[in-house]
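Working notes for the structure below.
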Amino acid sequence: MTSIIPLAEIDPQLVEALLDSAFGTDRHERTAYKLREGMDMLEGLSLAAVDEEKHELLGSIQCWPIALTDDEGLQHPMIMVGPVAVYPDLQREGIGRAMMAALLKEIQPEDPLPLVMIGDPEYYDRFFGFTAEATGGWTLPGPWEPSRLLMRPGPSGLPLPKTGKLGPWVR
């Protein structure tokens, strides 16, 4: 039986082993890591999938405070989703989808913050409403494929700048 629990309840070394397995030990060099550099994950929105019977970690999803800094230097806060990780031998069993659905249930209806991620546009649009429609003029602190920079607007639909640079949310 798979359960979704707060990621904070999982030993960080187990999470690191999962991420190494899913993304490789060189994952820290990726643009997504630079995007959230120096930030602490948002514990209330970071989740783990565990096998209750075997007491094993199956997957994790983390969220981070980031911001889009517009051309005038104004920061527009957002939530970065990712990494979404599942052990390779367990992928395609619905674990990632279950974690994402649980995350979206945790987002408060009155929360105006958009969700941003780097991921497969067909999958994340089809199941969760993430698209690259509004992100074409945004830049990141490293290489990225523009079609994979996805956003899911917040419920309030606040307008966002068409251009800007994503990075850590520095208050």
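With the Kirkwood sum run over all distinct C-alpha pairs, the chain has a hydrodynamic radius of 16.4 Å.
Taking only protein heavy atoms and a 1.4 Å probe, what accessible area per residue, in Å², does the stretch 43-116 have with all protein chains in place?
On the way: 3550 Å² over 74 residues.
Here the per-residue accessible area is 48 Å².
Semi-axes of the equivalent ellipsoid for the stretch 26-75, computed as √(5λ) from the eigenvalues of its C-alpha gyration tensor and ordered from largest down, come to 31, 14, 7 Å.
Dipole magnitude for the chain: about 520 debye, using +1 per Lys or Arg Cβ and -1 per Asp or Glu Cβ, origin at the Cα centre. Straight-distance candidates among the lysines for linking to Lys162, with alpha-carbon spacing under 24 Å and chain neighbours fewer than 8 residues away dropped: Lys34.
Three principal axis extents of the stretch 95-171 based on alpha-carbon atoms, in descending order, are 30, 26, 21 Å. Please compute the modelled spin-label separation between Glu133 and Thr25, points set 7 Å along Cα→Cβ, answer in nm with one decimal. For the pair Thr25/Glu133, the computed spacing is 4.3 nm. Pair-distance distribution of the stretch 87-127: all C-alpha pairs, bin width 10 Å, starting at 0; shares per bin in whole percent are 22, 51, 23, 4.
Taking all Cα pairs closer than 8 Å and separated by 6 or more residues, the relative contact order of the chain comes to 25 percent. Nonpolar atom fraction for the chain, defined as the carbon and sulfur part of the 1.4 Å probe accessible area, stands at 52 percent.
Rg/Rh for the stretch 1-92 stands at 1.03; both radii use Cα atoms, and Rh follows the Kirkwood definition.
The values are calculated or read from the model by the stated rules, or taken from the named source; none is laboratory data. Bear in mind that the values here come from a model prediction, so they are computed numbers and not experimental data. All Cβ positions, glycine included, derive from the backbone under ideal geometry; neighbour counts span all protein chains shown. With ligands, DNA and RNA removed, areas are computed over all heavy atoms of the protein, side chains included. Shrake-Rupley method; radii C 1.70, N 1.55, O 1.52, S 1.80 Å.
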